[in-house]
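The values are calculated or read from the model by the stated rules, or taken from the named source; none is laboratory data. Computed from a predicted model, the values in this text were never measured in an experiment. A quick note on method: Cβ atoms are made from the backbone with ideal geometry, for glycine too, and the neighbour counts reach across all protein chains shown.
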Amino acid sequence: MKICHGALIATAILSAVAGPAALAQTAGTQSAYAVTYITVAPSAATEAAGLFRRVAAASRKEAGNLRYEVLQQVDRRNQFAILEAWSDAKAFDAHGGGSAMKEFRGHLDPLSVGFYDQRPLTGVDVGPGPSPASKDAIYVVTHVDVPGQFKDQAIVMMSKLAAGSRREPGLERYEVLQQPNRTNHFTVVDVWKDQPALDAHDVAAGTLEFREKIGPVLGALYDDRRYKSLE
């Protein structure tokens, strides 16, 4: 009973904190997002990077594409990520079945050493439309997994951190995204102009408070990965 009451309170707080962005998800009016994690053989990292650049260029020409970014992990150069934003789910689905993606997968699959882990997402708190990232920008892509009964509390905490982070001088983008098929799984994407800006954020009071509060309700390790753009 205590947890249910907390969830109701969190839902009310969410409406005030996240506002129209959160409500739009229910109405189905948001853009479609996706994050894809890919690991290739270490010896294939350079070849794979070329494939990512080509599919990004082709995908940006497709109808409904809002953003297509290809990233490489800072400390594990054979691990990559694709960040996508589309006008709607229809455009995203058309892209997935299109010729550019089929060609990309045909060349990538022989190089891969892991599952093609694509996660379609909807926006919970995406903030204003992003400008192009800086040349030295650091992308942090974090998977946040909580048990279902803590979902609403987690959204409130992530939205609070997003609001505080957007006031930090080095931030270029902050997005909280949710998996529609597992609504207790989230992806947070934050982009910082350079490493010093990210270092300052990591020790900021709001960041420390968030990690202290989210820790006890996590259902898996707090998985944050750092990337740089391939372009």
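A few notes on this one:
- Here the condition is being without any contact (Cβ under 8 Å) to a residue 24 or more places away in the chain and more than 30 Å from Arg53 (Cα to Cα); of Val156, Val146, Val203, it holds for Val203 alone.
- Cross-chain or 6+ apart pairs with Cβ under 7 Å, the range 41-68 first and under 18 Å from Pro120 (Cα atoms), then crowded, with 18+ Cβ neighbours inside 10 Å and among the charged types (D, E, K, R): Arg67/Glu84; Tyr68/Glu84
- Among the numbered conditions (1) without any contact (Cβ under 8 Å) to a residue 24 or more places away in the chain; (2) crowded, with 16+ Cβ neighbours inside 10 Å, the only one that Phe186 does not meet is (1).
- The single condition from (1) β-branched (Val, Ile, Thr); (2) out of contact with any Ser or Thr (no Cβ under 7 Å at 6 or more places or on another chain); (3) closer than 21 Å to Ile138 by Cα that Thr122 fails is (3).
- Elements of type strands (runs of 3 or more DSSP E) contained in the range 1-105, each with 3 or more residues being touching a helix residue (DSSP H, G or I) at 6+ places or on another chain (Cβ under 7 Å), exposed (fewer than 14 other Cβ atoms within 10 Å of the Cβ) and at pLDDT below 95: none
- Exclusive hit being among the β-branched types (Val, Ile, Thr) and in contact with an Asp or Glu (Cβ under 8 Å, 6 or more places away or on another chain), set Val113, Val141: Val141
- Verdict on Arg226 being under 20 Å from Val126 (Cα atoms), basic (Lys, Arg), part of a strand (DSSP E or B) and in contact (Cβ under 8 Å) with a residue 60 or more places away in the chain: yes
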